[in-house]
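**Student:** My structure is below; once you've seen it, I'll send some questions.
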Amino acid sequence: MRRIFLNGSMNSDGNTARLAKGVFQGLDYTRINLADHYIN
């Protein structure tokens, strides 16, 4: 199963990212930071 963490926070390494790291601990997942992308 593929797991994706879509981080919508402007702070890519903030509390939301730390929470996801704990939730996905030991699992293989892909992290996408929306702050790194231009969305029109």
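**Student:** How large, in Å, is the chain by the Kirkwood hydrodynamic radius built from its alpha-carbon pairs?
**Tutor:** 10.7 Å
**Student:** Lys and Arg at +1, Asp and Glu at -1: add these up for the other residues within a Cβ distance under 10 Å of residue 5 and post the number.
**Tutor:** Charge balance near residue 5 sits at +3.
**Student:** With Cβ to Cβ distances under 10 Å as the rule, what net charge do the other residues near residue 28 carry (K, R +1; D, E -1)?
**Tutor:** +2
**Student:** For the chain, what does the relative contact order come out to in percent, with C-alpha contacts under 8 Å and a separation of six or more?
**Tutor:** Reported relative contact order: 60 percent.
**Student:** A follow-up question, please. Suppose each label sits 7 Å from its Cα in the direction of the beta carbon; what would the residue 24-residue 37 distance come out to in nanometres?
**Tutor:** Spacing of the two 7 Å Cα→Cβ label points: 1.3 nm.
**Student:** With θ set to phi - 60° and the Karplus curve 6.51 cos²θ - 1.76 cosθ + 1.60, what are the ³J(HN,Hα) couplings of segment 14-22 in order, to the nearest whole Hz, using x for Gly and Pro?
**Tutor:** Residue by residue, segment 14-22 yields x, 4, 5, 5, 5, 4, 4, 4, x Hz.
**Student:** Between residue 31 and residues 5 or more places away or on another chain, which pairs have amide H atoms under 5 Å apart, with H built 1.01 Å from N, and which residues are they?
**Tutor:** Amide H neighbours of residue 31, under 5 Å, 5+ apart: 5.
**Student:** If you plug each phi of segment 25-37 into the Karplus form 6.51 cos²θ - 1.76 cosθ + 1.60 with θ = phi - 60°, what whole-Hz ³J(HN,Hα) values come out, in order, with x for Gly and Pro?
**Tutor:** Once θ is set to phi - 60°, the couplings for segment 25-37 become 3, x, 10, 8, 8, 10, 10, 10, 9, 5, 5, 8, 10 Hz.
Coordinate-derived values only; no laboratory data. The model shown is predicted, which means the values in this text are computed figures rather than measured ones. As a convention, Cβ positions derive from the backbone with ideal geometry for all residues, glycine included, and neighbour counts pool all protein chains shown.
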